[in-house]
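*Asks:* Below you'll find the structure I mean.
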Amino acid sequence: MKKEYFILRLHDIGAIKFGEFTLKSGHKSPFYFDLRDMISYPELLNKLAYLIADEIKDADFEYISGVPYTALPVATLVADILDKPLIFIRKEEKAYGTKNDIIGKFEPGSKCLIIDDLITTGESLVETAEKFKKAGLEITDFYVLIDRSNNIENQLNKLGYKLRSLIKLDKIIEVLKTNNRISGEQKKRIKEFTSELKHEVKTGKNYENHLTKLLKDKIKNKKSNLILSLDVDNQKDFFQILEKTAKHIVMLKTHVDILNDFTPEFIVKLKEYAIKYDFMIFEDRKFADIGNTVRKQYREGIYKIKNWAHFVTVHALPGEGILQGLFDGISNRSSFLLAKMSSKGNLMNETYTRNVFATGEKYADVVSGYICHANTAEELKKLKNKIPKGQLMLMPGVKLQSGKDATGQQYTTVEEAIKGGADCIIVGRGIIEAENPETAAKEYRERAWKMYKQGV
Ligand code: 5IU
């Protein structure tokens, strides 16, 4: 089967579409690829498998894998043709535990070639490769059906991967034009679109809002990326600890509803401290209701949070309406979305977290970043890589030593947090329950800043 035939067949079955499509990023694209339906055409799949088998037969690998769902049936046929054992990684995150993520039998130390249907940024293929590597396999070769990336080959080479592809976007356009499947005008629009897209990948849109910038400037000027979480139940303790620690922190995180003796004067005093010691205020309210309700929770009640907190935390779970309800008609306020909590067994899986980042990107004018936790720098880096440019990653569950508390809180060290790309660490009991909160705050601040300065 010639590549031209494959392109035309994909067009016939609607796997390659032309028109106007709104992408997740909000961009309007003149084409859309979705190869999933391909698996329902046995003769197409079979021809394709022979084509791939021919192209990879000389590569050096002992196992073959396909990324679920679309590439898995393709890889199965190729494995059969080349008589190589098949293995793959489950797509869904398991409810608990990370063991046995790989389905199929394999010898650690062997080489595996991975097949996927599409490549755009290369991110998901590299992530898959890393999972295989963790299980002891060696990954050096990728094969994709359609490469619509911006020359990702070079970047993958630098990371030690070789990329082969059946067809590139330019070839698809050429073949479809020659066969009069698209007009000259369409071809022009597609070219324009991809060249703009390429430009955008290079320069990258920035999602930093005004308040994010303020916080970043404060981090730089105050030379601190420490956020103190001051969870105490009375004003006396609150201000006593704050007095001693304020010079070391860039932001104070409150849970105002913990105070037994709250009065409006508390807010007046808190604002005075914020000015005197130059820190921002962050109420960790974790809004989670429908837009109409959070709107009132934010503006009304005894706390009137919107009047004094620069930032609040928000669950993206109820949908975009929560951000509309909170911030509609309000300026100079922003939020952090909860993307991955630090508590053991939390229900935020990979898909959820990815959707949170997409929400934050869309509402970047009122979202400054995300609360993310991971147990290792490596895991945290993966989260960081997915965060839209310009937005921040704040990490709770941080102590000088790793460990846990009695109700599921998990702690990672300051060094791991910053190494993993956290822009700020959020520390509560590590400071407020220390014998001397002042020296503890100083130590957290210095350890975090030292690592942060090294630019890790
Ligand atoms: N906090 C977490 N984990 C999270 C989120 C918030 O610990 O995922 I979202 C809050 C809870 C507490 C503070 O107010 O951060 C951490 O306090 P300790 O350092 O005392 O555990």
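*Asks:* State whether the residues of the range 404-418 include one that is assigned by TED's automatic domain parsing to the domain that holds HIS255, over 15 Å from THR376 (Cβ atoms) and under 22 Å from the mean Cα position of the chain (by Cα).
*Replies:* There is at least one residue in the range 404-418 that is assigned by TED's automatic domain parsing to the domain that holds HIS255, over 15 Å from THR376 (Cβ atoms) and under 22 Å from the mean Cα position of the chain (by Cα).
*Asks:* Let me ask you something else. Pick from TYR370, TYR411, TYR444, TYR452: which is over 18 Å from ALA339 (Cα atoms) and within 16 Å of the ligand (Cβ to nearest atom)? Outline the logic, then answer.
*Replies:* Details: TYR370 fails: over 18 Å from ALA339 (Cα atoms); TYR411 fails: over 18 Å from ALA339 (Cα atoms); TYR452 fails: within 16 Å of the ligand (Cβ to nearest atom).
None of the other options fit; the residue is TYR444.
*Asks:* Run down PRO68, PRO73 and say which single residue is touching a Leu at 6+ places or on another chain (Cβ under 7 Å), closer than 28 Å to ARG354 by Cα and surrounded by fewer than 20 Cβ atoms within 10 Å (Cβ to Cβ).
*Replies:* Numbers: PRO68 fails: touching a Leu at 6+ places or on another chain (Cβ under 7 Å).
Result: PRO73 is the single residue among PRO68, PRO73 that is touching a Leu at 6+ places or on another chain (Cβ under 7 Å), closer than 28 Å to ARG354 by Cα and surrounded by fewer than 20 Cβ atoms within 10 Å (Cβ to Cβ).
*Asks:* Restricted to the range 289-311, and to residues that are closer than 12 Å to GLY325 by Cβ and hydroxyl-bearing (Ser, Thr, Tyr), which residue is farthest from the ligand (Cβ to nearest atom)?
*Replies:* This residue is THR293.
*Asks:* Another one. Assuming ASN151 fulfils every condition listed in (1) open to solvent by less than 20 Å² (accessible area, probe 1.4 Å); (2) on the phi > 0 side of the Ramachandran plot apart from one, which condition is it?
*Replies:* (1)
*Asks:* Quick one: which residue in THR351, THR359, THR376 is under 16 Å from ALA422 (Cβ atoms) and either open to solvent by less than 70 Å² (accessible area, probe 1.4 Å) or within 14 Å of the chain's Cα centre (by Cα) (or both)? Quick ask: steps written out before the conclusion?
*Replies:* On the way: THR351 fails: under 16 Å from ALA422 (Cβ atoms); THR359 fails: under 16 Å from ALA422 (Cβ atoms).
Only one candidate qualifies: THR376.
*Asks:* Hey, another quick one. Of the residues GLY430, GLY421, which single one is buried (at least 16 other Cβ atoms within 10 Å of the Cβ), more than 16 Å from the ligand (Cβ to nearest atom) and small (Gly, Ala, Ser)? Quick ask: steps written out before the conclusion?
*Replies:* On the way: GLY430 fails: more than 16 Å from the ligand (Cβ to nearest atom).
After applying the criteria, what remains is GLY421.
*Asks:* In addition: Quick check on the range 334-348. Is at least one of its residues more than 23 Å from the chain's Cα centre (by Cα), within 22 Å of GLU208 (Cβ to Cβ) and crowded, with 21+ Cβ neighbours inside 10 Å? Walk me through it before giving the result.
*Replies:* Within the range 334-348, the first condition is being more than 23 Å from the chain's Cα centre (by Cα), and the residues that meet it are none.
No, the range 334-348 contains no residue that is more than 23 Å from the chain's Cα centre (by Cα), within 22 Å of GLU208 (Cβ to Cβ) and crowded, with 21+ Cβ neighbours inside 10 Å.
*Asks:* If a residue has to be open to solvent by 70 Å² or more (accessible area, probe 1.4 Å) and within 16 Å of the ligand (Cβ to nearest atom) to count, how many in the range 236-288 make the cut?
*Replies:* 2
Matching residues to (1) away from the ligand (no atom under 12 Å from the Cβ); (2) more than 23 Å from ARG295 (Cβ to Cβ):
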position	(1), (2)
THR313	no, no
LEU317	yes, no
SER334	yes, no
LEU337	no, no
LYS340	no, yes
LYS344	no, yes
MET348	no, yes
PHE357	yes, yes
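*Asks:* Would you check if there is a residue in the range 119-130 being in a strand (DSSP E or B) and open to solvent by 20 Å² or more (accessible area, probe 1.4 Å)? Walk me through how you get there before you give the answer.
*Replies:* Of all residues in the range 119-130, those in a strand (DSSP E or B) come to 119.
Imposing the further condition that a residue be open to solvent by 20 Å² or more (accessible area, probe 1.4 Å) reduces the set to none.
No, every residue in the range 119-130 fails to be in a strand (DSSP E or B) and open to solvent by 20 Å² or more (accessible area, probe 1.4 Å).
*Asks:* Now for a different question. Only one of (1) open to solvent by 80 Å² or more (accessible area, probe 1.4 Å); (2) in contact with an Asp or Glu (Cβ under 7 Å, 6 or more places away or on another chain) is not met by ASN225, so which one is it?
*Replies:* (1)
*Asks:* Something else about it: Go through the range 293-303 residue by residue and tally those that are closer than 18 Å to PHE282 by Cβ and either within 28 Å of the chain's Cα centre (by Cα) or touching a residue at least 24 places away in the same chain (Cβ under 8 Å) (or both).
*Replies:* Number satisfying all stated conditions: 3.
The values are calculated or read from the model by the stated rules, or taken from the named source; none is laboratory data. None of these values were measured; they are calculated from a predicted model. Cβ sites come from the backbone with ideal geometry, for glycine too, and all protein chains shown count toward neighbours. These accessible areas exclude ligands, DNA and RNA; they are computed on the full protein's heavy atoms, side chains included. Shrake-Rupley method; radii C 1.70, N 1.55, O 1.52, S 1.80 Å.
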